[in-house]
1. Sort out for me the Cα centre separation of the range 235-279 from the range 31-94, rounded to whole Å.
2. What is the order of 142, 39, 2, fewest Cβ neighbours within 10 Å to most?
3. To make sure I understand the rule: partners must be lysines, Cα under 19 Å from the Cα of residue 270, and not fewer than 8 residues away in the same chain. Which ones qualify?
4. Residues of the range 145-189 with the amide nitrogen closer than 12 Å to a label point 7 Å from the Cα of residue 304, along Cα-to-Cβ, please.
5. By Kyte-Doolittle mean hydropathy of at least -1.0 and Cα axial length of at least 24 Å, which whole DSSP H helices of the chain are selected?
6. If each DSSP helix of 4+ residues adds -39,500 (n - 2.57) and the sum is divided by the residues in the chain, what number results at 222 nm, nearest 500 deg cm²/dmol?
7. Given the Cα-Cα distance of residue 263 and residue 125 and 0.36 nm per residue of separation, how much length would full extension add, in nm?
8. In whole Å, largest first, what are the principal axis extents of the Cα atoms in the range 107-158?
Amino acid sequence: MRVLVTGGAGFIGSHLCDRLLAEGHQVIAMDNLITGSTRNIAHLAGRDDFLFIKHNVTNYIYIAGPLDAVLHLASPASPIDYIQLPIQTLKVGSLGTLNALGLAREKGARFLLASTSEVYGDPLVHPQPETYHGNVDPVGPRSVYDEAKRFAEALTMAYHHTHRLDTRIARIFNCYGPRMRLEDGRVVPNFIAQALRGEPLTVYGDGSQTRSFCYISDLVEGLYRLLLSSEHQPVNLGNPHEVSILDFARMINTITGNSAGIIFQDRRIKGDPEKRRPDITRARTLLGWEPQVSLEEGLRLTIEWFRDRV
Ligand code: UDP
């Protein structure tokens, strides 16, 4: 296949490019580099099956030649980033998705939308199955991301129903691994950087809020299987192993041998979900997929990667 990956220089996008190339596909990565970085794809430079185009997909996308798949991953994804980039986030989720869908339609390509567990907002159903419609404040600080992705899902389904476009929607839960931006503000890079510097870990609130962290290689496997499937309804991709943020902090201090402990800070963003855990029954059944990498193993790999960069 000849595949376009929007957000191809981002954390997940770049790993997906690696996987597609390893499977023998030709890859075009597109990114405007506001949260992505050419560092993530530097190892691919010079390959004749790989092309990088610096472009903001909020503007019309032109690609010469055929395309078999458009994978739309472009978007800020860290709460700190999207709260600082509210309009860009809304534009890439709406106009960017429209352009990516239009391109897929023009080329007769299949389309995959990288959606998010944020469509469930601060969920009142736990764990979250795809049939749950969510609890999102349309004017809260997270709405710029949540509503953009909800709109992107609606638009994707509209193209599927109206134009018979061959679409897929992945709802990606918290994912971590090498190539996360050290300063992106998310809990994994924050805690690992603090631990490696011998500083106390900043737990927001009392740390009783939960998340479920999926290692990047597991996520990429799920995305690839979804791409090859013919499933048009949304599919959750994430690791169902749930931990409180406080336990997560303790775990990182233990693995890194950081003795500086934990400090509690009142920095929770309004609408910060209390609980998050994917129900992955659909992914298990439809894709035969489930995460293989334990949290401890994934953290060790991630910490090793960050060690050289802190
Ligand atoms: N968090 C924290 N300390 C940090 C960064 C984040 O306690 O230094 C908490 C945050 O309040 C949230 C959870 O960790 O409850 C996950 O935050 P993240 O920004 O990684 O992404 P989210 O899952 O909220 O989209």
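None of the figures in this text is laboratory data; all of them are computed from the coordinates on show. Here the structure is a predicted model, which is why all the values come from computation and not from measurement. Note: ideal-geometry Cβ built from the backbone for every residue, glycine included; neighbour counts use all protein chains shown.
1. For the range 235-279 versus the range 31-94, the Cα centre distance is 28 Å.
2. Working: 142 20, 39 12, 2 17.
By the 10 Å Cβ count, ascending, the order reads 39, 2, 142.
3. 149
4. Under cut-off, by backbone N: 178.
5. On the way: long enough: 143-163 (28 Å, -0.64).
Qualifying helices, which must be both long enough and hydrophobic enough, are 143-163.
6. On the way: 9 runs with 104 residues, N = 310.
After summing the helix terms and dividing by residue count, I get -10500 deg cm²/dmol.
7. Difference between extended and current length: 46.7 nm.
8. Extents along the principal axes: 39, 24, 15 Å.
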